[in-house]
Amino acid sequence: MEATGHASDEPTRVLIVTAAMGAGHVQVASELCRRLRVRGAVADVLDLIVAAGPAGLRLQRTYRFLLKRAPWLYDAAMRFWARVPRPLEALTAAGSHPFEKALRAEVERSRPDVIVSTYDLASQALGRLAHRGNVRAPIVTFVIDPGAHPYWVSPHVLRHLVPTARTGEQLRAYGAQGVEVVRPVLRPEFDVPPGRADARAKLALPRTAHIVLVTAGSWAVGGVESTVRLLAKSPDLLVVVLCGRDEQLHEQLTGSERVLAVPWTTDAAAYLSAADVVVDNAGGLTCWEALASRTPVLLFRPLPGHGRFNAATLAAAGLVRWVQ
């Protein structure tokens with residue numbers, strides 16, 4: 001994307017729409033924004049969860065509740081949605097007014113030349129606004145999940161950027177237009193991640209230990225504690241757990257034998273590089289960061305819905321091993 005696209009050489013204005021449904025969507029949006037600004041564009045990020053007010057918070061809480069308390073229901077809904085997309089898409093469209101209102105207000109305020117979405121609901125809402133003529137700027141969907149799902153696809157979005165060829169093939173089958181495979185967008189520290197010895201020295205981790213790093217995103221959902229206790233049964237392993245923002249999980253695991261519980265950290269690159277293997281349950285951004293750190297990834301007990309879709313795609317591509 002060129003930073004200057006006008007005859008008057010004014011900088012290109014880019015609106016990046018994301019959602020705080022975990023950290024992955026937001027981190028990708030923030031890094032895209034940083035890169036665009038470096039190239040001279042005027043780029044801003046809109047968190048649709050915040051912008052939509054109470055409706056956004058309800059959506060976030062509902063999603064988190066389903067992952068933690070009713071994963072079977074979330075999984076069944078996502079699988080049904082993948083097979084028969086129209087009924088659930090119609091249902092979400094019926095409740096999308098607060099999100100569309102927030103998007104329309106921001107578009108009218110910032111007047112972007114290009115809109116980039118890193119969140120599926122945002123792409124759907126933007127597509128409907130474009131269909132009605134409320135949004136005239138071209139819309140690009142940056143698909144952050146390798147596992148394809150029809151909700152990423154809007155017939156009024158003309159370009160879809162995807163992380164794997166298999167993702168692209170599946171999204172084309174759902175009707176996606178302008179599909180292009182691109183590299184995952186990672187933060188600068190993953191351009192040249194530290195070596196294992198340097199990372200362990202920085203984090204004061206044992207130099208010769210066999211270290212398994214357990215990750216579960218910023219919300220630490222998906223039965224992390226049971227996975228950790230299973231791994232900790234091995235006397236040969238040091239299990240390091242990134243607890244995200246879950247203070248209760250950090251407290252529960254602190255002091256456990258052969259377990260090092262780590263609260264929210266901005267030094268994920270060092271922990272990923274320090275490990276011998278990463279055990280992940282989402283197949284999202286952290287998985288790509290681990291691969292960039294040259295650390296092998298095992299997907300174990302993947303999250304329902306999108307986590308299982310991601311696991312299937314990444315395993316089929318030979319990027320990770322799905323332990324079943």
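The values are calculated or read from the model by the stated rules, or taken from the named source; none is laboratory data. All of these numbers come straight from a predicted model, not from anything done at the bench. Every residue, glycine as well, gets a Cβ built from its backbone with ideal geometry; the counts of neighbours run over all protein chains shown. Heads up: the accessible areas ignore ligands, DNA and RNA and are worked out on the full protein's heavy atoms, side chains in. Shrake-Rupley method; radii C 1.70, N 1.55, O 1.52, S 1.80 Å.
List of remarks:
- Members of the range 11-24 found to be out of contact with any helix residue (DSSP H, G or I) (no Cβ under 7 Å at 6 or more places or on another chain) and within 22 Å of VAL135 (Cα to Cα), listed by number: PRO11, THR12
- Unmet criterion (only one of (1) surrounded by fewer than 19 Cβ atoms within 10 Å (Cβ to Cβ); (2) hydrophobic (A, V, I, L, M, F, W, C); (3) in a loop (DSSP other than H, G, I, E, B)) for LEU230: (3)
- Residue that is modelled with the lowest pLDDT, among those in the range 12-30 that are surrounded by fewer than 20 Cβ atoms within 10 Å (Cβ to Cβ) and either of a type in the set (Gly, Ala, Ser) or under 15 Å from THR141 (Cα atoms) (or both): ALA23
- Scanning the range 288-307 for residues that are under 22 Å from HIS25 (Cβ atoms), touching a helix residue (DSSP H, G or I) at 6+ places or on another chain (Cβ under 7 Å) and outside any loop (DSSP other than H, G, I, E, B) yields a total of 6.
- The helices (runs of 4 or more DSSP H) falling completely within the range 33-96 that include 3 or more residues that are of a type in the set (A, V, I, L, M, F, W, C) and buried (at least 18 other Cβ atoms within 10 Å of the Cβ) map to 48-51, 54-69, 71-83.
- Enumerated strands (runs of 3 or more DSSP E) restricted to the range 97-170, each holding at least 1 residues that are touching a residue at least 24 places away in the same chain (Cβ under 8 Å) and either more than 19 Å from MET21 (Cβ to Cβ) or not charged (D, E, K, R) (or both): 114-117, 139-142
- Filtered residues of the range 116-133 (kept if within 15 Å of HIS25 (Cα to Cα) and hydrophobic (A, V, I, L, M, F, W, C)): VAL116, LEU121, ALA122
- Residues of the range 179-227 that are open to solvent by 70 Å² or more (accessible area, probe 1.4 Å), part of a loop (DSSP other than H, G, I, E, B) and closer than 22 Å to HIS25 by Cβ: ARG183, ASP191.
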